[in-house]
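Report on the structure given below.
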Amino acid sequence: MPDGPTVVSLSLLNSNTAELLTDIRDGDILNLSVLPQTVAIRAETAPDVVGSVAFDWDGDSPFKVESIAPYALVGDSNGTYNMLSLPTGIHSLAATAYTGPDATGEAGPTLAVTFEVIRDPDAPAIQRPNPEPTPTPPVLVQGTLEGLVQLSHAQTAESVTVTVTDANDTVLASTSPEADGSISMPDMPDGTYTVEATSPGYLPVSGSFTIEAGNTVNITATLLAGETAPGDPLVIDELDVITFAGMYGQDNAPTNVDFNRDGRVTLIDLRAIAQNIRASGPLSWQ
Ligand SMILES: [Ca+2]
Ligand SMILES: [Ca+2]
């Protein structure tokens, strides 16, 4: 609070009764079809008595200087307010308090408002802009993980499961690719994720991806065939060959040894193990 004389508010009064109708704030819309027709405007000061108050009004500067309280825009006679003619339209009002009479001495800060006067029987008496702008809810930015997942010896990737986890190992999404291996995981909030692709009989693929500003991240991977013995270290080795041998020749074969997903365990599948022998996982997304 400044030490010097200060205009702290501007009051709209009924000039006949001196009743306070409202304080006038920047952006107010005052409806003279509802408010009394006879109005006055008064500057409220701190302290209550100052040297003088100068008013600027609709471009006249100064329009009026009042050296005796009350400090009214169009003056008063011993406290009886003169009626202010207040035409409809936009009005600008500024008031400055001074230490001395007739706008002399030190000036305090100027309180300035712009307000509108309307005459509308259907509108409220006073419309006031919300002083606190309504906070806009944050827009949840969401991106998409898109990609292609393939199995090294199969025509279809339908047996693959793609899982997305966050930094807390919470599973956020899980999907299976289309037959051609394509995946699309929309509605992913911005963040960094671990993405893993698994399929029975294949080394898993794992990677970390960051979605920023709702963008689409493209990821591709090829899983290698031959990991037939789930639970052993992720290496394609003799144990996988032995597991395979136990099911050799079977129809309706389990998918963990039927790498080409043709329903039979044949030499075609053995060739897949041979090609990938000694490979270890998890593999990385490209
Ligand atoms: Ca193995
Ligand atoms: Ca097969």
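Quick note: the coordinates plus some simple rules give every number you see, no bench work behind them. Remember, predicted model here, so these are calculated numbers, not experimental data. Positions of Cβ are backbone-derived with ideal geometry, glycine not excepted, and every protein chain shown enters the neighbour counts.
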Discussion item. Rg/Rh for the chain to two decimals, with Rh computed the Kirkwood way over all alpha-carbon pairs.
Written reply: 1.57
Discussion item. Can you give me the Kirkwood hydrodynamic radius for the stretch 6-127, using every pair of distinct Cα atoms, in Å to one decimal?
Written reply: 14.3
Worksheet item: Viscosity 1.002 mPa s, temperature 20 °C: Stokes-Einstein D of the stretch 142-284 from its Kirkwood Cα radius, in µm² per second?
Response: 138
Discussion item. Between LEU234 and LEU140, how high is the FRET efficiency from 1/(1 + (r/R0)^6) when r is the Cβ-Cβ distance and R₀ = 45 Å? Nearest 0.05.
Written reply: 0.80
Worksheet entry | Cα centre as origin, Lys/Arg/Asp/Glu Cβ charges: the chain dipole, Debye | 200
Worksheet item: Under a Cβ-Cβ cut-off of 15 Å, what is the net charge of the residues other than ASP56 that fall near it, where Lys and Arg count +1 and Asp and Glu count -1?
Response: -3
Fill in: Calculated from backbone phi, Karplus (6.51, -1.76, 1.60) coupling profile of the stretch 212-225 in Hz, x at Gly/Pro
10, 6, x, 6, 9, 10, 9, 9, 9, 7, 10, 8, 8, 6
Fill in: Simple label model, 7 Å out from Cα along Cβ direction - ASP262 to LEU20, nm
9.4
Worksheet item: Which Cα, out of VAL50, GLN142, LEU223, lies furthest along the positive dipole direction of the chain (beta carbon charges, K/R +1, D/E -1)?
Response: LEU223
Worksheet item: What FRET efficiency comes out for the pair SER33/GLU212, r = Cβ-Cβ distance, R0 = 51 Å, nearest 0.05?
Response: 0.40
